[in-house]
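Chemist: Let me give you the structure first, and then I'll get to my questions.
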Amino acid sequence: QVQLVESGGGLVQTGGSLRLSCAASGSMFSNNVMGWYRQAPGKQRELVATITSGGSTNYADSVKGRFTISRDNAKNTASLQMNSLKPEDTAVYYCLFSQAFYNYWGQGTQVTVSS
């Protein structure tokens, strides 16, 4: 079992920045994927960015060039640096830890971008 704790959400103005953090703990394998998804009101949860334990990254087209995902394998933490934020980035952001065909989710943290 893996537990995830997220932090860093908040309210910012258009063009501002936020940094989200996710800390994983529990029974973790060395080969895994961490990432961030988001869900806006009335919409499905969508991928924002992922990063493997080997450092390979994947980003949604809507955030490429603005968001950067990183991780510390030794501490099993992942961060999402969000720059040039837009109102359409407003959503609840969820941390993901995926290993051995199991997905573990954080509780979510609210990000609100005012126009």
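Chemist: Quick one: residue 57 ticks every box in (1) modelled with pLDDT of 95 or more; (2) closer than 15 Å to residue 6 by Cα except a single one, so which number is it?
Modeler: Going through the list (1) modelled with pLDDT of 95 or more; (2) closer than 15 Å to residue 6 by Cα, residue 57 breaks only (2).
Chemist: Next up: Which residues, counting only those in region 82-101, are within 18 Å of residue 114 (Cα to Cα) and in a strand (DSSP E or B)? Reasoning before the result, please.
Modeler: Going residue by residue through region 82-101, those that are within 18 Å of residue 114 (Cα to Cα) are 82-93.
Matches in region 82-101: 82, 91, 92, 93.
Chemist: Exactly one condition in (1) over 28 Å from residue 100 (Cα atoms); (2) surrounded by 17 or more Cβ atoms within 10 Å (Cβ to Cβ); (3) not hydroxyl-bearing (Ser, Thr, Tyr) is false for residue 48; which is it?
Modeler: (1)
Chemist: To continue, here is another question. What residue, among those in region 62-78 that are outside any strand (DSSP E or B) and under 12 Å from residue 32 (Cα atoms), is least open to solvent (accessible area, probe 1.4 Å)? So that I can check it myself, show each step before the final result.
Modeler: Taking region 62-78 and keeping what is outside any strand (DSSP E or B), we get 62-66, 73-76.
Checking the rest, the ones that are also under 12 Å from residue 32 (Cα atoms) come to 73, 76.
Working: 73: 76, 76: 32 Å².
Only one residue tops the list, namely 76.
Chemist: Would you kindly identify the strands (runs of 3 or more DSSP E) lying entirely within region 9-61 that contain at least 2 residues that are of a type in the set (A, V, I, L, M, F, W, C)?
Modeler: Result: 10-13, 18-26, 33-39, 46-52.
The values are calculated or read from the model by the stated rules, or taken from the named source; none is laboratory data. All figures in this text were calculated on a predicted structure; none of them were measured in a lab. Cβ atoms come from the backbone with ideal geometry, glycine included; neighbour counts cover every protein chain shown. Accessible surface is based on the protein model in full, side chains and every heavy atom, while ligands, DNA and RNA are left aside. Shrake-Rupley method; radii C 1.70, N 1.55, O 1.52, S 1.80 Å.
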